[in-house]
1. Can you run phi through the Karplus equation (6.51, -1.76, 1.60; θ = phi - 60°) for region 122-132 and list ³J(HN,Hα) in whole Hz, with x for Gly and Pro?
2. Work out from phi, with θ = phi - 60° and the Karplus expression 6.51 cos²θ - 1.76 cosθ + 1.60, the ³J(HN,Hα) of each residue of region 92-98, listed in order in whole Hz, and give x for Gly and Pro.
3. Rank 192, 23, 112 by mean-square fluctuation in a GNM of the chain with C-alpha springs under 10 angstrom and give only the top-ranked residue.
4. For region 65-205, rounded, prolate or oblate, judged on the Cα gyration tensor with a ≥ b ≥ c (square roots of eigenvalues), a/c < 1.5 rounded, else prolate if a/b > b/c?
5. Just 188, 33, 84 to compare: in a GNM of the chain, with alpha carbon springs under 10 Å, which one fluctuates most?
6. At a threshold of 8 angstrom on Cα-Cα distance, excluding pairs fewer than six apart, so keeping six or more, what relative contact order does region 65-205 reach in percent?
7. Quickly estimate the mean residue ellipticity at 222 nm for the chain, helices only: each DSSP H run with n ≥ 4 gives -39500 (n - 2.57), and the total goes over all residues, rounded to 500.
8. So for region 1-79, averaging the separation of alpha carbon pairs under 8 Å that are six or more residues apart and normalising by length, what relative contact order in percent results?
Amino acid sequence: MRVELEMTNNRREQSRRYSHIGISSNSNFTYAMQYQRSYEILYKSDAPVDTIALPMLYSMRHYLELVLKFNIEYFHEFSGSRNMVGKSVHTLSSLSNAFKEHWSRTKKAFNITVDDKKFMVSFLELVNELEKIDDYAISFRYSHDREQNKNFDWLDTIDIYKLNGLFEETKILLDYSIDVFEDCTGLMNGDITKEELINQSSCQSA
């Protein structure tokens with residue numbers, strides 16, 4: 001009986017750890033959502049914070065980088081801008097400025113009136129805070145930079161609780177901006193096609 005129970009538990013464990021990674025890795029948005037989930041699991045963990053702070057903060061930062069790149073790639077077809085499109089960059093400041101440009105131009109082009117000021121303020125503040133800590137995606141991954149300087153001084157501290165408050169409002173903006181656009185333009189329910197929207201945008205800017 002004990003052997004059978006162990007075999008059942010082993011099969012259950014094996015099944016839980018069997019990843020269909022091809023299905024769950026089809027876009028940067030899918031990647032971003034996994035890093036967001038990873039951050040949230042670590043944030044809610046009861047483990048001592050200094051034993052998980054580095055992967056936790058890296059997950060938050062990498063989520064931002066990926067979701068910004070995804071939004072930029074999506075909105076550039078409607079914004080009329082090529083800012084940061086296809087660029088291999090990791091700096092959050094450059095990506096956040098590009099997203100802000102694409103999103104504001106798209107809203108103006110399609111007369112989308114949504115009050116996202118509070119979320120935009122939190123987003124830009126979060127980027128500013130993370131930029132001061134790790135703008136180039138190095139400090140949360142490696143102890144020293146290329147010149148062998150330690151990335152964090154001995155007495156450095158980070159208020160992750162504060163960052164999490166900004167993160168909660170930021171993800172509303174970045175996770176749902178495409179949904180807001182598609183709902184407001186009729187793309188979501190099939191009233192118009194993507195090609196028709198792009199043509200409409202081109203005619204308006206001509």
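Since every read-out is calculated from the coordinates, none of them should be taken as a lab result. In this text the structure is predicted, and so the values were computed from the model without any measurement. A quick note on method: Cβ atoms are made from the backbone with ideal geometry, for glycine too, and the neighbour counts reach across all protein chains shown.
1. After applying 6.51 cos²θ - 1.76 cosθ + 1.60, I find 5, 4, 5, 5, 4, 4, 4, 5, 5, 4, 5 Hz.
2. So the Karplus estimates, Gly and Pro as x, are 5, 4, 5, 5, 5, 5, 5 Hz.
3. The residue with the greatest mean-square fluctuation here is 23.
4. On the way: a/c = 3.23, a/b = 2.04, b/c = 1.58.
Because a/c hits 1.5 or more and a/b exceeds b/c, region 65-205 counts as prolate.
5. Its mean-square fluctuation being the largest, the pick is 188.
6. Values: 121 pairs, mean separation 38.9, N = 141.
It rounds to 28 percent for region 65-205.
7. Computed mean residue ellipticity for the chain: -22000 deg cm²/dmol.
8. Details: 36 pairs, mean separation 25.8, N = 79.
Value for region 1-79: 33 percent.
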